[in-house]
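Everything on this sheet refers to the single structure shown next.
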Amino acid sequence: MEKPIIQIKNLGKEFKTTAGLVQALNDINLEIHRGEIFGIIGLSGAGKSTLVRCINYLEVPTEGDVIFEGKSLRDMRGEELRSTRRSMGMIFQQFNLLAQRNVLKNVCFPLELAGVSREEGRARAMELLKTVGLSDKAESYPAQLSGGQKQRVAIARALATNPKVILCDEATSALDPNTTKSILGLLKEINQNMGVTVIVITHEMSVIESICDRVAIIDQSRIAEVGKVSEIFSEPKSKIGRQLILGDAADQVRFGDSRQIRIIFDGRESTEPVISNLVLACKVPVNIMFAQTRDVGGTAMGQMIIQLPAEEPDADRVCHYLDTLKIPYEEVTEHDI
């Protein structure tokens, strides 16, 4: 099996403040595979932005190591470290474009720093502007662009040095939903067509479910859980995972006298009307106490809590129906949520 393109080992980061030391990251261990779109999600202040800056050593970790293509960044200095950073393009929430430079010159900027000739740099920049759909904006200035166009320029600039990884730090947080969708679509195209590994830092679950293959959930400076998006979404194991994916609605579930079960949607076709079919087949009503499901690539992911009929024979009939169709479920109590 191919080695991960990035390995994060026992990574920690402390900051000195007037109030004393603050632990921003604590014992972070992750492996990111070549060619995947990997998401890192957490609430504000969880440490995710510090983590992404440690990956390319814009922030030097207090302890632990980052291994890129088998080489330790901890052991790198000078030109070797700068060269490695050029292999990891970065996209920011606020675009970070140079206002005094036009679009073409913004994309050329990292190439100038890398010592690429002006002619070669311009040709590369125009090629990338075509890739992001902004060939006609080469002479425009950032102030003349929309938020989505600015982020497309930032993506082109991040790709200028032919990076193997793109780090996206809340890259869509400043954009409206439609623009966010187009930018995520562009990142997915770049990943598929150019083979660039993409690491997405976000606080929005919708971003993770749109494009990521795997996700790590960070909470209070530590990794709470990590896995395939489909698995995490269908059955989050950590408390913060349930909060991020299920939201506050899960706390509002109330239980009566009859049994409740949690139905787990872990890959059935999203068009299949499971509950409607259940009611029609069993000829008994069920009470939907809570539901949180999503369409991830045409399959249903998530869970639903239903209250079974009070009569045991009716309740048993519902469970038998689910067993027959091999639909995963489990009996729950108030303490399980």
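The values are calculated or read from the model by the stated rules, or taken from the named source; none is laboratory data. What you see is a predicted model, and the numbers here were worked out from it, not measured in a lab. So basically every Cβ, Gly included, is an ideal-geometry build from the backbone, and we count neighbours across all protein chains shown. Just the protein is used for accessible areas: all its heavy atoms, side chains included, with ligands, DNA and RNA removed. Shrake-Rupley method; radii C 1.70, N 1.55, O 1.52, S 1.80 Å.
When restricted to residues that are within 24 Å of Lys150 (Cβ to Cβ), of a type in the set (D, E, K, R) and part of a loop (DSSP other than H, G, I, E, B), the range 52-110 contains 1.
Suppose we keep only residues that are touching a Phe, Trp or Tyr at 6+ places or on another chain (Cβ under 9 Å) and of a type in the set (Val, Ile, Thr) within the range 22-39. Which one would you say is least open to solvent (accessible area, probe 1.4 Å)?
Per the stated criteria, the residue is Ile32.
Residues that are among the acidic types (Asp, Glu) and in a helix (DSSP H, G or I) within the range 183-242 comprise Glu189, Glu209, Glu231, listed in sequence order. Among the residues of the range 97-152, just one is within 26 Å of the chain's Cα centre (by Cα) and on the phi > 0 side of the Ramachandran plot, namely Gly133. Considering the range 243-262, the residues that are modelled with pLDDT under 85 and in a loop (DSSP other than H, G, I, E, B) include one that is nearest to Leu51 (Cα to Cα), namely Gly247. Close contacts from the range 47-61, counting a first residue that is on the phi > 0 side of the Ramachandran plot and a second that is in a loop (DSSP other than H, G, I, E, B) and at pLDDT 90 or above, with Cβ to Cβ under 6 Å and a gap of 6+ residues or different chains, come to Gly47/Ser221. When the range 285-298 is limited to residues that are in a loop (DSSP other than H, G, I, E, B) and modelled with pLDDT of 80 or more, the one that is least open to solvent (accessible area, probe 1.4 Å) turns out to be Val286. Of everything listed in (1) within 23 Å of Ser206 (Cα to Cα); (2) assigned to a loop (DSSP other than H, G, I, E, B), the single unmet condition for Gly148 is (2).
On the basis of being polar (S, T, N, Q) and touching a residue at least 60 places away in the same chain (Cβ under 8 Å), does Gln94 make the cut? Against the criterion (polar (S, T, N, Q) and touching a residue at least 60 places away in the same chain (Cβ under 8 Å)), Gln94 qualifies. Please verify whether Ser206 is surrounded by fewer than 16 Cβ atoms within 10 Å (Cβ to Cβ), under 14 Å from Ser49 (Cβ atoms), touching a Ser or Thr at 6+ places or on another chain (Cβ under 9 Å) and modelled with pLDDT under 90, treating the condition exactly as stated. When the stated conditions are applied, Ser206 does not pass them.
Take the range 138-197 and flag every residue that is among the hydroxyl-bearing types (Ser, Thr, Tyr) and either within 30 Å of Pro4 (Cα to Cα) or touching a residue at least 60 places away in the same chain (Cβ under 8 Å) (or both). Hits for the range 138-197 are Thr161, Thr172, Ser173, Thr180, Ser182, Thr197. Within the range 299-333, the only residue that satisfies the criterion of being of a type in the set (Gly, Ala, Ser), open to solvent by less than 40 Å² (accessible area, probe 1.4 Å) and over 14 Å from Glu235 (Cα atoms) is Ala315. Scanning the range 61-106 for residues that are of a type in the set (Gly, Ala, Ser), over 30 Å from Arg118 (Cα atoms) and open to solvent by 50 Å² or more (accessible area, probe 1.4 Å) yields a single hit, Gly70. All conditions in (1) polar (S, T, N, Q); (2) open to solvent by less than 80 Å² (accessible area, probe 1.4 Å); (3) touching a residue at least 24 places away in the same chain (Cβ under 8 Å); (4) farther than 28 Å from Ile190 by Cβ hold for Gln7, with the sole exception of (4). One residue stands out in the range 124-145 among those that are in a loop (DSSP other than H, G, I, E, B) and among the hydroxyl-bearing types (Ser, Thr, Tyr): the one that is most open to solvent (accessible area, probe 1.4 Å), namely Tyr141. Within the set Ile166, Ile190, the sole residue that is touching a strand residue (DSSP E or B) at 6+ places or on another chain (Cβ under 8 Å), closer than 30 Å to Glu14 by Cα and either of a type in the set (D, E, K, R) or buried (at least 16 other Cβ atoms within 10 Å of the Cβ) (or both) turns out to be Ile166. Considering the range 211-242, the residues that are modelled with pLDDT under 90 and among the acidic types (Asp, Glu) include one that is surrounded by the most Cβ atoms within 10 Å (Cβ to Cβ), namely Glu235. Ser221 - would you say it is at positive phi and either in contact with a Leu (Cβ under 8 Å, 6 or more places away or on another chain) or free of Cβ contacts under 8 Å to residues at least 60 places away in the same chain (or both)? For Ser221, the condition - at positive phi and either in contact with a Leu (Cβ under 8 Å, 6 or more places away or on another chain) or free of Cβ contacts under 8 Å to residues at least 60 places away in the same chain (or both) - is met.
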